[in-house]
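Down below is the structure, laid out as structure tokens.
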Amino acid sequence: MDYLYLIISAILVNNIVLMQFLGICPFLGVSNKTSTAIGMSGAVLFVMVLATIMTFLVQKYVLDAFEIGYLQTISYILIIAALVQMVEIILKKVSPPLYQALGIYLPLITTNCAILGVAILVIQKDFDLMKSVVFAVGTSLGFAFALVLFAGIREQMELVKIPKGMKGVPIALIVAGILALAFQGFTGLVKI
Amino acid sequence: MGNFKIFTNGFVKENPVFVLVLGTCPTLAVTTSAMNGLGMGLATTFVLFMSNIVISMVKSAIPDKVRIPAFVVIIASFVTIIDLSMNAYVNDLHKSLGIFIPLIVVNCIVLGRAEAFASKNNVLKSFIDGLGMGIGFTIALVMLGSVREFLGGNAIFGHKIIEADGMLVFVLAPGAFICYGFLMALMNKLSKKLK
């Protein structure tokens with residue numbers, strides 16, 4: 001039951017993009033089409049879960065064990081960068097169709113702050129490994145939910161007449177604001 | 001390009017927040033008040049010019065293929081320095097900025113300037129560029145923070161301006177997106193007029 005609450009909270013109540021402002025760059029960058037939004041979401045789900053497991057293990061068995069916690073930021077970002085490269089190489093060999101679907105989004109993920117953000121949050125919240133994985137899955141589903149929703153709206157917006165100065169990013173931000181307003185309605189849905 | 005021009009480049013013409021739209025995550029997240037915006041802006045400025053200096057110094061020693069990981073390690077070291085020093089000296093600010101201080105590492109402005117400027121120019125120019133970009137980022141953050149604090153709590157930098165209840169929504173998440181969107185539209189309009 002705990003895990004279910006954790007997932008619902010990560011998707012709706014504390015949505016990573018609209019409530020916690022992590023991963024805004026891909027949120028604004030690849031949300032022009034629903035199909036690219038789905039591809040990006042898949043890549044984020046994959047890398048976020050892997051990265052959270054890796055960084056969690058490194059934190060527990062290397063950083064905590066040798067009391068070098070101050071190296072957290074450096075080691076995490078290196079792990080994530082290396083992981084993304086590795087995933088790219090392995091996918092290319094093992095599953096070419098999956099690579100074709102996710103390939104172009106993978107390099108973008110290294111600078112996606114949602115990945116590093118979740119890795120650090122999990123440690124700050126003192127989750128165990130199982131909880132961390134569930135949290136990572138929930139968070140990336142929340143990211144996917146917001147991204148696909150937003151892409152759908154943006155596709156429709158192509159057909160609308162928009163004032164000159166508002167075109168492009170400004171109107172996208174305001175739409176995101178209204179979307180965030182809607183998500184604000186979920187506050188208090190589950191308590192953790 | 002003259003040194004002065006490089007310095008002022010980041011203020012309006014290539015403002016990282018309003019024109020280049022880089023580093024949106026901290027921009028939206030920490031600007032609940034003008035003070036938080038200022039703190040975040042100064043922390044990022046420090047990382048920007050320090051990493052620009054070091055990268056322009058060691059650029060010839062780094063092989064082209066591994067330059068991105070090398071840059072990231074340099075940036076991450078300075079982020080760790082600012083993270084630990086802020087925790088020690090300005091603990092309250094450190095608490096309210098929270099997770100977004102370590103996340104300066106993945107702020108696209110820092111890596112973007114390293115890749116686009118510091119890896120091609122000498123130390124002095126890189127320093128000036130980092131400082132200018134940082135100041136542009138700080139100005140934008142303080143602007144956004146002031147607007148949100150004013151609308152949300154009728155105050156700027158903690159000083160009450162009108163005696164009334166604020167609109168709470170502007171301090172919460174939706175207000176961040178909406179204020180940022182309108183400010184960016186305003187900047188677009190103004191910069192078009194200047195041309």
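The values are calculated or read from the model by the stated rules, or taken from the named source; none is laboratory data. This structure is a prediction, so every number in the text was calculated from the model and none was measured. Glycine also receives a Cβ, built like all others from the backbone with ideal geometry; neighbour counts cover every protein chain displayed. Surface accessibility is based on the protein's heavy atoms, side chains included, excluding ligands, DNA and RNA. Shrake-Rupley method; radii C 1.70, N 1.55, O 1.52, S 1.80 Å.
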Here the residues within segment B:89-119 that are touching a residue at least 60 places away in the same chain (Cβ under 8 Å) and more than 18 Å from the chain's Cα centre (by Cα) are B:S119
When only residues in segment A:167-181 that are within 8 Å of another protein chain (Cβ to nearest Cβ) and open to solvent by 30 Å² or more (accessible area, probe 1.4 Å) count, which is modelled with the lowest pLDDT?
A:V169
Considering only helices (runs of 4 or more DSSP H) fully contained in segment A:40-129, which possess at least 3 residues that are of a type outside the set (S, T, Y) and closer than 18 Å to A:V17 by Cα?
A:113-124
Check on A:L91, touching a Phe, Trp or Tyr at 6+ places or on another chain (Cβ under 6 Å) and either at positive phi or modelled with pLDDT under 85 (or both)
yes
Residue under evaluation B:V47, criteria (1) of a type in the set (V, I, T); (2) more than 10 Å from every other protein chain (Cβ to nearest Cβ); (3) open to solvent by 10 Å² or more (accessible area, probe 1.4 Å); (4) part of a helix (DSSP H, G or I), criterion not met
(3)
For segment B:137-150, check the following and say yes or no: at least one residue is open to solvent by 30 Å² or more (accessible area, probe 1.4 Å), away from chain A (no Cβ under 12 Å) and more than 27 Å from A:V17 (Cα to Cα).
no
Does A:I68 satisfy the condition of being open to solvent by less than 40 Å² (accessible area, probe 1.4 Å) and either out of contact with any helix residue (DSSP H, G or I) (no Cβ under 7 Å at 6 or more places or on another chain) or modelled with pLDDT of 85 or more (or both)?
no
Scan segment B:55-73 for residues that are within 14 Å of chain A (Cβ to nearest Cβ) and crowded, with 19+ Cβ neighbours inside 10 Å and report the count.
2
Residue among A:Q124, A:Q100 that is out of contact with any strand residue (DSSP E or B) (no Cβ under 9 Å at 6 or more places or on another chain), surrounded by fewer than 12 Cβ atoms within 10 Å (Cβ to Cβ) and not acidic (D, E)
A:Q124
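Quick grid of which residues meet (1) farther than 29 Å from A:T73 by Cβ; (2) surrounded by fewer than 22 Cβ atoms within 10 Å (Cβ to Cβ):
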{"residue": "A:S95", "(1), (2)": "yes, yes"}
{"residue": "A:L141", "(1), (2)": "no, yes"}
{"residue": "A:L147", "(1), (2)": "no, no"}
{"residue": "A:M157", "(1), (2)": "yes, yes"}
{"residue": "A:K161", "(1), (2)": "yes, yes"}
From the options B:L190, B:L168, residue that is at pLDDT below 85, closer than 20 Å to B:V17 by Cα, open to solvent by 30 Å² or more (accessible area, probe 1.4 Å) and over 20 Å from the mean Cα position of the chain (by Cα):
B:L190
Give segment B:21-35 a look and list any residue that's farther than 16 Å from B:N107 by Cα and open to solvent by less than 40 Å² (accessible area, probe 1.4 Å), or say none.
B:S33, B:A34
Does any residue of segment A:84-93 turn out to be closer than 20 Å to B:N107 by Cα, under 17 Å from the mean Cα position of the chain (by Cα) and open to solvent by 30 Å² or more (accessible area, probe 1.4 Å)?
no
Look at A:A114 and say whether it is closer than 30 Å to A:I90 by Cα, touching a Leu at 6+ places or on another chain (Cβ under 7 Å) and touching a residue at least 24 places away in the same chain (Cβ under 8 Å).
yes
Looking for whichever is within 14 Å of chain A (Cβ to nearest Cβ), closer than 28 Å to A:Q20 by Cα and not aromatic (F, W, Y) here; the options are B:V110, B:V90. Which one fits?
B:V110
Test result for B:I81, buried (at least 16 other Cβ atoms within 10 Å of the Cβ) and of a type outside the set (F, W, Y):
no
B:F18 is checked against (1) closer than 21 Å to A:G23 by Cα; (2) part of a loop (DSSP other than H, G, I, E, B); (3) open to solvent by 60 Å² or more (accessible area, probe 1.4 Å); (4) hydrophobic (A, V, I, L, M, F, W, C) and fails just one. What number does that condition carry?
(3)
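Provide a single number: the residues in segment B:93-107 that are closer than 20 Å to B:V66 by Cβ and open to solvent by 20 Å² or more (accessible area, probe 1.4 Å).
Summing the residues that are closer than 20 Å to B:V66 by Cβ and open to solvent by 20 Å² or more (accessible area, probe 1.4 Å) in segment B:93-107 gives 0.
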Given the structure, is B:I128 open to solvent by 70 Å² or more (accessible area, probe 1.4 Å), at negative phi and outside any loop (DSSP other than H, G, I, E, B)?
no
Only unsatisfied item for A:L22, checking (1) at pLDDT 85 or above; (2) assigned to a helix (DSSP H, G or I), is (2)
